[in-house]
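Single-structure report; data block below.
The values are calculated or read from the model by the stated rules, or taken from the named source; none is laboratory data. What you see is a predicted model, and the numbers here were worked out from it, not measured in a lab. The accessibility values were calculated without ligands, DNA or RNA, using every heavy atom of the protein model including side chains. Shrake-Rupley method; radii C 1.70, N 1.55, O 1.52, S 1.80 Å.
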Amino acid sequence: GLLIGGTTITITGDYFVSGATVTIGGVACNPLYVVVVNATKITATTPASFTTGAKNVVVTTVGGTDTLTNGFTYTTT
């Protein structure tokens, strides 16, 4: 995705519940654009980043936190 953010991503897993949060590279996705579609799918819009490269994607729910290491990559084009 581009450094300016705004890329819609889909995260799959288990036990997702309303109120889940997503961060990419330590920057929170806007909670207005984090949607728990169902227990196994979240959509989110990426935040902007100051640096290119692979970033960790972290999902936090009431049940805990899980990290996808280098799960999203920012580029300039």
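Of F72, F50, the residue with the largest accessible area leads and the full order is F50, F72 (1.4 Å probe). Along segment 29-41 the Karplus relation, 6.51 cos²θ - 1.76 cosθ + 1.60 evaluated at θ = phi - 60°, assigns HN-Hα couplings of 6, 4, x, 5, 10, 9, 10, 7, 5, 7, 5, 10, 8 Hz to successive residues, with x for each Gly and Pro.
Kirkwood analysis of the chain, using all unique Cα-Cα pairs, places the hydrodynamic radius at 12.3 Å.
Ligands, DNA and RNA are left out, and with a 1.4 angstrom probe the accessible area of the chain is 61 Å² per residue.
Phi angles of segment 64-72 translate, via the Karplus equation with coefficients 6.51, -1.76, 1.60 and θ = phi - 60°, into HN-Hα couplings of x, 10, 9, 10, 9, 5, 6, x, 9 Hz per residue; Gly and Pro are given as x.
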